[in-house]
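Enquirer: Quick one: structure below, then a few questions.
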Amino acid sequence: MGYGQPPTSSVGRSLITKTRLTHTEKDEIIHLLLSEESEARSVELGPNITAELNDKGQIIGIEILRASKLLRDFILESARARLLAGQGNT
């Protein structure tokens, strides 16, 4: 199993039984919990985005800081790209 693969048990079943998403409004943090396993280390994926890994290097959680700004910017960028792509069709 590598990065991006969900943690599995010895019989190959996913250990993700219930994904949880929490949002801390005051601190502007979104935390996506994929597994109840202990975090062994973390890897910064980009500005304000961190992957939490178990001892096998599998992703067990994602933390997003300044979440509202990140989501707003992502949605605006996606919308602009679609609108620009659509302009060539008229």
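Enquirer: Could you check the simple spin-label distance between residue 40 and residue 87, using points 7 Å along Cα→Cβ, in nm with one decimal?
Expert: The two pseudo-label positions are separated by 4.9 nm.
Enquirer: On a straight-distance basis, which aspartates and glutamates could pair with residue 56 in a cross-link, Cα separation under 13 angstrom, same-chain partners fewer than 8 positions away excluded?
Expert: 37, 39
Enquirer: Arrange the following residues from fewest to most other Cβ atoms within 10 Å of their Cβ: 72, 66.
Expert: If I rank by nearby Cβ atoms, fewest first, I get 72, 66.
Enquirer: What order, most packed first, do the peptides 76-84, 26-34, 41-49, 56-64 have when packing is the mean number of other Cβ atoms within 10 Å of each residue?
Expert: Ranked from most to least packed, the peptides come out as 56-64, 26-34, 41-49, 76-84.
Enquirer: Which whole-number percent gives the relative contact order of segment 20-87, counting Cα pairs below 8 Å spaced six or more residues apart?
Expert: Reported as a whole number, the value is 27 percent.
Enquirer: A further question on this structure: Give the aspartates and glutamates reachable from residue 69 as a straight Cα distance under 13 Å; neighbours fewer than 8 places away on the same chain don't count.
Expert: 25, 27, 28, 77
Enquirer: Using every pair of alpha-carbon atoms in segment 20-87, split the distances into 5 Å bins beginning at 0 and state the percent of pairs per bin, rounded to integers.
Expert: Percent of pairs per bin, in order: 4, 17, 20, 19, 15, 11, 8, 5, 2, 1.
Read the figures in this text as sums done on the coordinates, not as results from a lab. Fair warning: this is a prediction, and the values are worked out from it, not measured in the lab. Counting neighbours? That spans all protein chains shown, and the Cβs are built from the backbone with ideal geometry, glycine included.
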